[in-house]
Amino acid sequence: MKYTDIEQQINEYKKLFPSYDKILNFFKEITIEQNKSIEDTRIVPPDIKKSLRDIHLKEGFPLIDKQDFFIDINSSIDLFDSLCNISRNANEKLKINIQYIEDALSINALNLAEIMRNFHNEPYIEKIAGEFDIDLIVLKFLIYESIKPSIILNVEIISKENDMKNWHKGYCPICGSMPDISKLDKNGKRFFKCSFCNFIWQSDRLKCPFCENTDNKKLHYFYAEDREAYRVDLCDNCKQYIKTVDLRKINYDSFLPVDDIVTIHLDIIAQEKGYKRPVTSLWGL
Ligand SMILES: [Zn+2]
Ligand SMILES: [Zn+2]
C-alpha cells in the first residue's frame, strides 16, 4: 500500500476514534517512514529447503524461523535513526530512552548493525537494554519497527512461492508466531494476522488460535459497547483472548494494525476479566 493511501486511511480512523488521535498520529508517522524505507530495502529471499516445503502443510511446520528472515541491515539502521527522531516527541518515556540510546551511540558503545542482526536473540537484546539502562520494551519496539520493511519484503516473496491456503492452524504458516488480531471477512470467513511477520492466513472460524481449542462451550466473546464490529474472543481452556474485527459490520476500509490500536480499551476489559493477551501490543508504550 502506498503511504499516501495509508495516510488517508489513518485519517479516516482518526475521525472515527478521536480519543486515539495522538497514538494514531504517532503510528501514521512511523508507517510513512517505513513505507519510504521499503523503497531502499533490498533482500535476498530466504532459502526454503524442498524437504521442509513438503512436510510444511502435512505436518504443520512453519516454513522458516524468525532468524531466517533476511534483513537489510543498512536500511534498517537508517530507519532506526528516523524512528528515534519521530518517537522522541511521542511521550516522555520514549524521549528519555531515546536520549539513552543516542548517548550510547555518540560514544560508539552501541553497534546498531549487530543489534539488527540479532533482532531475534532475546537474551542479547535484554543484555544491551540492561547495559545501557534502556527500557526493554522501547528497545524492542524500535528494533522491530526498523526491520519491518525487510520482513514485509520477505513475506511478499514467500507468500507468492508457497501455497498456504490449507494451513488452518492457530500459528503463522510462514514463521510460526502467534496471531495478534483476527478478522471475519465479508463472507464470515476467519483470518488471523501474524504478530511478527504480519502475514494473514485463513483458519477455522470457531477455534482458539493459542491452544487450538474448538469446544464451543469454552469459547465465548464480548463486543465493544458502541461498536459491534469489534469483539474479543475469549478462551476458557487457556484463559487467553484475541480481538476480532467483523468486516461485515464496518463501512470503512479496515487496516488491522490500526484496528488493534483503536481497541486498546477492549484489551483492558479482557485483562480485567482475567484473560491474557499472549502477544503484547507494543502500542501500549
Ligand atoms: Zn509470521
Ligand atoms: Zn485457548
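Just so it is clear, none of the values below were taken in a lab; they were calculated from the coordinates. Just so it is clear, the structure is predicted and the values come from calculations on it, not from any experiment. Neighbour counts run over all protein chains shown; Cβ positions are idealised from the backbone, glycine included.
Show which lysines lie in cross-link reach of LYS276 when reach means a straight Cα distance below 25 angstrom and same-chain residues fewer than eight apart are skipped.
LYS66, LYS93, LYS140, LYS169, LYS183, LYS189, LYS193, LYS207, LYS217, LYS218, LYS239, LYS243
HN-Hα J couplings of region 28-38 from phi, Karplus 6.51/-1.76/1.60, θ = phi - 60°, integer Hz, Gly and Pro as x?
4, 4, 5, 5, 4, 4, 5, 5, 5, 5, 4
Stick to the Cα atoms of region 149-204, pair each with every other, and give me the Kirkwood hydrodynamic radius in Å at one decimal.
Numbers: mean 1/r = 0.0878 Å⁻¹.
Over region 149-204, the inverse of the mean reciprocal pair distance is 11.4 Å.
Going by C-beta contacts inside 10 Å, put TYR230, TYR241 in order with the fewest on the left. Walk me through the intermediate numbers first.
Details: TYR230 20, TYR241 25.
Neighbour counts put them in this order, fewest first: TYR230, TYR241.
Rounded if a/c is under 1.5, else prolate if a/b is larger than b/c, else oblate: which is region 200-242, with a ≥ b ≥ c the root eigenvalues of its Cα gyration tensor? Please list the in-between numbers first.
Values: a/c = 2.17, a/b = 1.38, b/c = 1.57.
Judged from the Cα gyration tensor, region 200-242 comes out oblate (a/c at least 1.5, b/c at or above a/b).
Sort 73-79, 63-69 by the packing proxy (mean of other Cβ within 10 Å over each peptide's residues), most packed first. Provide the component values of the computation, followed by the final result.
Working: 73-79: 19.4, 63-69: 17.1.
In descending order of packing, they fall as 73-79, 63-69.
I'd like the Karplus ³J(HN,Hα) series for region 94-106: coefficients 6.51, -1.76, 1.60, θ = phi - 60°, whole numbers in Hz, and an x wherever there's a Gly or Pro.
5, 4, 4, 5, 5, 4, 4, 5, 5, 4, 5, 5, 5
How high is the relative contact order of the chain, in percent, with contacts defined as C-alpha pairs under 8 Å that are six or more residues apart? Provide the component values of the computation, followed by the final result.
Working: 417 pairs, mean separation 45.6, N = 285.
Taking the mean separation of contacting Cα pairs over the length of the chain, I get 16 percent.
Just to verify a number: FRET efficiency for ASP185 and ILE107, C-beta to C-beta distance, R0 = 51 Å, to 0.05?
On the way: r = 51 Å, r/R0 = 1.01.
After rounding to 0.05, the efficiency reads 0.50.
Which semi-axes, in whole Å and largest first, does the equivalent ellipsoid of region 1-63 have when worked out from the alpha carbon gyration tensor as the square roots of 5 times its eigenvalues? Intermediate values should be presented prior to the final figure.
Details: eigenvalues 273, 60, 16 Å².
Whole-Å semi-axes of the equivalent ellipsoid: 37, 17, 9.
Can you give me the convex hull volume of the Cα atoms of region 1-152, divided per residue and expressed in Å³?
Working: hull volume 21.8 nm³, N = 152.
In region 1-152, the Cα convex hull volume per residue is 143 Å³.
If region 179-272 were replaced by its equivalent ellipsoid, with semi-axes equal to the square roots of 5 times the Cα gyration tensor eigenvalues, what would those be, largest first, whole Å? Please list the in-between numbers first.
Values: eigenvalues 68, 49, 35 Å².
For region 179-272, the ellipsoid semi-axes come out as 18, 16, 13 Å.
Arrange the following residues from fewest to most other Cβ atoms within 10 Å of their Cβ: ILE147, ILE107, ILE43. Show your work: numbers first, answer last.
Values: ILE147 25, ILE107 7, ILE43 18.
Ranking ILE147, ILE107, ILE43 by Cβ neighbours within 10 Å, fewest first, gives ILE107, ILE43, ILE147.
For TYR221, what residues show an amide H to amide H distance below 5 Å, using hydrogens built from the backbone and excluding near sequence neighbours?
Placed amide hydrogens put LEU234 under 5 Å from TYR221.
Given the C-alpha centroids of region 202-268 and region 86-105, what is the distance between them in whole angstrom?
Their Cα centres are 34 Å away from one another.
Go from 0 up to the bin containing the longest alpha carbon distance in region 73-184, width 10 Å each, and give me the % of pairs per bin.
Using 10 Å bins, I get a P(r) of 12, 40, 28, 16, 4, 0 for region 73-184.
Rounded to the nearest 0.05, what FRET efficiency is calculated for ASN11 and ASN237 with R0 set to 35 Å and r the Cβ-Cβ distance? Walk me through the intermediate numbers first.
Details: r = 40 Å, r/R0 = 1.15.
That pair, ASN11 with ASN237, gives E of 0.30.
Against the 2.2 N^0.38 Å scaling, with N counting residues, where does the chain land? I'd like the Cα-based Rg ratio to two decimal places.
On the way: Rg = 19.2 Å, N = 285, 2.2 N^0.38 = 18.8 Å.
Relative to the rule-of-thumb radius for its length, the chain sits at 1.02.
Which order do the peptides 222-228, 179-185 come out in when sorted by mean C-beta neighbours inside 10 angstrom, highest first? Walk me through the intermediate numbers first.
On the way: 222-228: 12.9, 179-185: 20.3.
Put in order of decreasing packing, that is 179-185, 222-228.
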